[in-house]
1. Once R0 is set to 45 Å, what does the formula 1/(1 + (r/R0)^6) return for the Cβ-Cβ distance between residue 146 and residue 266, expressed as a FRET efficiency to the nearest 0.05?
2. Around residue 142, what is the net charge, scoring Lys/Arg as +1 and Asp/Glu as -1 over all other residues with Cβ under 14 Å from its Cβ?
3. Hey, could you grab the Kirkwood Rh for segment 112-268? Inverse mean 1/r over distinct alpha carbon pairs, Å, one decimal.
4. Compute the signed sum of charges (Lys and Arg +1, Asp and Glu -1) over the other residues within less than 14 Å, Cβ to Cβ, of residue 267.
5. Which FRET efficiency, nearest 0.05, do residue 121 and residue 186 yield, Cβ-Cβ r, R0 22 Å?
6. Taking 0.36 nm per residue of separation and subtracting the Cα-Cα distance, what length does fully extending residue 69 through residue 197 add?
7. Net charge within 13 Å of residue 209 by Cβ-Cβ distance, Lys/Arg positive one each and Asp/Glu negative one each, not counting residue 209 itself?
8. Of all the stretches in the chain, which is the longest one without any exposed loop site, taking GluC sites (Glu not before Pro) in a DSSP loop (any state but H, G, I, E, B) with at most 11 other Cβ atoms within 10 Å?
Amino acid sequence: MARSALLVLALAGCAGADAATSPQTPATATTPQQAELGLHPGEAMAFEVQLAGVLVGEAQLAVGEIGSVDGRRAIVVKSRAATAGAAALVRKIVDEATTTIDADTGAAINVETNVEMGDKKTVASAAFLPAYAEVKFQFQDKPPSAFRIDTRGQKLHDAHSAMAQLRGWKAAPGTVRTVNVIGGRRLWRVDVKYVGEETIGSSAGNRRAVVFEGVSFRARRDMQPESTKPSRKFRVWLSDDADRVPLKVVANTELGDIVMSLTEYSRP
């Protein structure tokens, strides 16, 4: 459940790529992509994940300092999600991911993930190149596998770079953006709409927030959705200030609504 919630947060951050029409929604006017990175060096945040009001998971995310990778200014983002409370007694799930992001463009350079579900482990990675992304994965003791996803002129993101894109995106209410996200060995197509602003309760009291709502679709390697029926619907609240901190994410699932709420945030 913690892994699912972190994926929802990632998918909710998929708003900064080239605009496109969703399978169910007519084209909507869009604004140019902003150049802001959407990450603050040295920041850290923590979340609680609840299902039907019961704690089922916890997640943390940390951003490093800007450095250099192969001559490019880059920044590293790490996250960890795990089951907690009674859910951890039923099944232990841990999902860790590390992404290197180009600090000038916000594009993902590479990502590595490690997932534990009970006694089963999966390792996956993706290298993002101009024309394609190369994905590698290995289940437990099985032989490793690899495949490529052609970009087809579009930008591909991972979970962390997608979230950063949302935080750096400024748009008019009603604007819709679509992005393709690699999560583990799957490809997702996500449409996000900027709804507007409102005040919500948070761990730090009432906060003004910018609100996004979206839908995600499992996609094939040709970037086309597997079905016109979305896999997830979600709503995201970011703080309406310069930090643009994810305050809350609510996602509809077959088990009920998953609610991911910010519990801690710090930055230098």
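1. Numbers: r = 38 Å, r/R0 = 0.84.
Rounded to the nearest 0.05, the efficiency is 0.75.
2. Working: positive: 120, 121, 136, 185; negative: 141.
Local net charge: +3.
3. Details: mean 1/r = 0.0576 Å⁻¹.
Result for segment 112-268 stands at 17.4 Å.
4. Values: positive: 167, 244; negative: 43, 65, 241, 243, 264.
Net charge around residue 267: -3.
5. Working: r = 18 Å, r/R0 = 0.80.
Taking R0 as 22 Å, the efficiency between residue 121 and residue 186 is 0.80.
6. On the way: separation 128, 0.36 × 128 = 46.08 nm, distance 3.76 nm.
Stretched out fully, the residue 69 to residue 197 stretch lengthens by 42.3 nm.
7. On the way: positive: 167, 207, 208, 235, 244, 248; negative: 197, 198, 213, 240, 241, 243.
With Lys, Arg at +1 and Asp, Glu at -1, the neighbours total 0.
8. 66-253
Each reported figure results from applying straightforward, stated rules to the coordinates on display, with no laboratory input. For clarity, every value in this text was computed on a predicted model and none was experimentally measured. Every residue, glycine as well, gets a Cβ built from its backbone with ideal geometry; the counts of neighbours run over all protein chains shown.
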